[in-house]
1. Can you give me the angle between helix 2-13 and the longest principal axis of the chain, using Cα atoms only, in degrees from 0 to 90, rounded to the nearest 10?
2. In whole Å, how far is the Cα centre of region 43-112 from that of region 156-220?
3. Among 140-146, 55-61, 236-242, how do they line up from the highest to the lowest mean number of other beta-carbon atoms within 10 Å?
4. Nearest 10 degrees, 0 to 90: what angle lies between the long axis of helix 148-160 and the longest principal axis of the chain (Cα atoms)?
5. Just order 200-211, 101-112 by mean Cβ neighbour count inside 10 Å, highest at the front, would you?
6. Give the Kirkwood hydrodynamic radius (Å, one decimal) of region 131-194, defined as one over the mean of 1/r across all pairs of different Cα atoms.
7. In Å and from the alpha-carbon atoms only, list the Rg and Dmax of the chain.
8. How much mean residue ellipticity at 222 nm does the chain get from its helices, if each DSSP H run of length 4 or more adds -39500 (n - 2.57) and you divide by all residues, to the nearest 500 deg cm²/dmol?
Ligand SMILES: [Zn+2]
Ligand SMILES: [Zn+2]
């Protein structure tokens, strides 16, 4: 009761605003008192049919192939990737705030989109032994203070009662932002940048690799390749957006 009164007073002095549109939030029609519903419903969902490799929406003229043209050209090392959203508009802004503005608390709302996707499409989480967040290089982790992939992984793991394994898959050199590079240089940029510390924790395991965005598939594919080389059985990838 007293807590509610104090909270009410704080809200009066510092009214909460939507992270995206900066409009004043009215408690009930917001997501976790962070984003207004008007903004939240603008998040573009990734809709089926999905490419059986990278998980992106398949355009009509590719329906019969099950795999998108990019994945026919470049074989990816994970077994399959999934993403609930498209990386644009509101979601792009939210990911930016989450990753670069230190708003780790946004992870709860954002991970819910991933959790709902798992439930809606019945992703076979019961087959999976481990969740591994795509690691950041130490220098970047110090700068950012948290690994956004780990925050998302922890929420997903708590919902589905899974184990999160960190500090085993290691990123041992920082990589330039993939967005700035063309396809060939993206692959070179990322090649050999991951390693596994203890193969025995990976061997024979079915793994869900989690990251925030599947910008190109190069990072997840390289991480999956490293896990497979260490003996992983299945590697699925789940990102918030693609
Ligand atoms: Zn808004
Ligand atoms: Zn594809």
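Each value in this text was obtained by applying a stated rule to the coordinates, not by laboratory testing. These figures come from a predicted structure and were not determined experimentally. Methodologically, a virtual Cβ is constructed for each residue, glycine included, from the backbone with ideal geometry; neighbour enumeration extends over all protein chains shown.
1. The two axes meet at around 90 degrees.
2. Rounded to whole Å, the Cα centres lie 16 Å apart.
3. 236-242, 55-61, 140-146
4. Long axis of 148-160 versus the principal axis of the chain: about 90 degrees.
5. 200-211, 101-112
6. Evaluated over region 131-194, this radius sits at 13.0 Å.
7. Taking only Cα atoms of the chain, I get Rg and Dmax of 18.9, 62 Å.
8. -10500 deg cm²/dmol
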